[in-house]
Amino acid sequence: MENASSVKEFILLGLSENQGVQKICFVMFLFFYMITVAGNLLIVITVISSQCLNSPMYFFLCYLAFLDICYSSITAPKMIADFLVENKTISFVGCIAQLFGVHFFVCTEFFILTVMAYDRYVAICRPLHYTTLMTRRVCGRMVIGSWVGGFVHSIVQTLLTSQLPFCGPNKIDHYFCDVHPLLQLACTDTYTVGIIVVANSGMITLSCFFILVMSYVVILVSLKRQISEGWHKALSTCGSHITVVILCFGPCTFIYIRPSSNLSEDKSVAVFYTVIIPMLNPLIYTLRNKEVKSAMRKLWSRKVGSENGK
């Protein structure tokens with residue numbers, strides 16, 4: 001049996017082989033990517049530079065925006081560039097690196113979203129203990145734990161995939177290197193590896209989702225006896241986070257916790273979580289959050305004032 005190194009590069013089939021469609025996609029996805037980077041970078045700069053956004057919620061939001069930039073940058077630039085070329089190739093090493101990066105940043109974002117749900121639980125259900133439970137040190141450890149968890153998950157996915165023998169077809173029916181398309185190209189039986197990959201992804205996804213759901217169930221139950229202002233507070237505080245959770249977990253659950261049988265469906269869903277969601281997240285958090293909008297206005301006013309003062 002030949003080693004995986006016998007395949008030096010892969011060919012990405014992309015989203016479409018139609019030249020006209022590819023040109024339209026180039027303009028559209030380039031615009032989406034620019035909005036993604038600009039919007040999330042604005043959130044990072046706003047949180048870092050604003051003194052009023054120093055609570056744990058915004059500390060986590062800053063990392064969430066940074067992760068959105070990272071994992072969209074793993075796939076989007078390559079996809080956008082490939083719309084303009086006929087041979088959409090990627091080296092074996094580059095393919096494995098892309099696989100690692102996507103799973104690393106996406107899984108880390110899952111953990112950050114879970115930590116944010118716990119933060120909202122403590123803030124709403126145990127407000128008197130919030131400052132002692134959610135100290136800067138505790139928040140830092142939660143973020144580090146999220147990065148470590150994402151790294152461990154990604155290492156497992158990457159090692160299992162990279163050790164497979166690739167000796168024949170090298171055309172990947174996708175616009176980036178992912179586990180399921182690569183499993184279909186391996187020159188060996190991948191049933192066991194496929195089960196391990198699905199179990200690994202499923203355990204993390206379902207565990208995080210269960211914690212998220214339980215957090216918000218407890219929050220809503222604790223507010224059940226309060227007046228309508230309490231419900232409004234919960235919805236205004238947690239609404240953005242719940243929206244992002246649904247948008248993130250839905251597509252990833254569809255792709256990664258089941259054996260893949262239709263790569264065309266997977267590609268369409270993958271566009272949603274690698275391109276659309278990172279672009280929507282800044283809009284979701286800024287449009288529903290008065291503090292963030294106020295901080296952005298102050299930051300803009302300060303910048304304009306400094307430029308006028310020159």
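The values are calculated or read from the model by the stated rules, or taken from the named source; none is laboratory data. What you are looking at is a predicted structure, and each value in this text was computed from that prediction instead of being measured. Glycine gets a Cβ as well: all are built from the backbone with ideal geometry, and neighbour counts include every protein chain shown. Surface areas here come from the heavy atoms of the whole protein model, side chains and all, with no ligands, DNA or RNA. Shrake-Rupley method; radii C 1.70, N 1.55, O 1.52, S 1.80 Å.
As an exercise: evaluate L182 against (1) free of Cβ contacts under 8 Å to residues at least 40 places away in the same chain; (2) under 21 Å from T253 (Cα atoms); (3) among the aliphatic types (A, V, I, L, M) and give the number of the one condition it does not meet.
(1)
Among the residues of region 229-239, is there at least one that is β-branched (V, I, T), on the phi < 0 side of the Ramachandran plot and either open to solvent by 50 Å² or more (accessible area, probe 1.4 Å) or at pLDDT 75 or above (or both)?
No, there is no match, as no residue in region 229-239 is β-branched (V, I, T), on the phi < 0 side of the Ramachandran plot and either open to solvent by 50 Å² or more (accessible area, probe 1.4 Å) or at pLDDT 75 or above (or both).
Here are the criteria: (1) open to solvent by less than 50 Å² (accessible area, probe 1.4 Å); (2) outside any helix (DSSP H, G or I). Tell me which single one C62 does not satisfy.
Status for C62: all satisfied but (2).
What are the residue pairs meeting all of these: first residue in region 19-41, first residue farther than 13 Å from M79 by Cα, second residue open to solvent by 40 Å² or more (accessible area, probe 1.4 Å) and part of a helix (DSSP H, G or I), Cβ atoms under 7 Å, and 6 or more apart or on different chains?
What qualifies is G39/L283.
Looking at R126, R120, R136 in this structure, which one is basic (K, R) and surrounded by 16 or more Cβ atoms within 10 Å (Cβ to Cβ)?
Of the residues listed, the single one that is basic (K, R) and surrounded by 16 or more Cβ atoms within 10 Å (Cβ to Cβ) is R120.
Does C52 satisfy the condition of being surrounded by fewer than 21 Cβ atoms within 10 Å (Cβ to Cβ) and part of a loop (DSSP other than H, G, I, E, B)?
yes
Where in region 136-223 are there helices (runs of 4 or more DSSP H), lying wholly inside it, with at least 1 residues that are hydroxyl-bearing (S, T, Y)?
Result: 136-162, 191-222.
Hey, can you tell me all the residues within region 13-41 that are among the aliphatic types (A, V, I, L, M) and modelled with pLDDT under 90?
Matches in region 13-41: L13, L15, V21.
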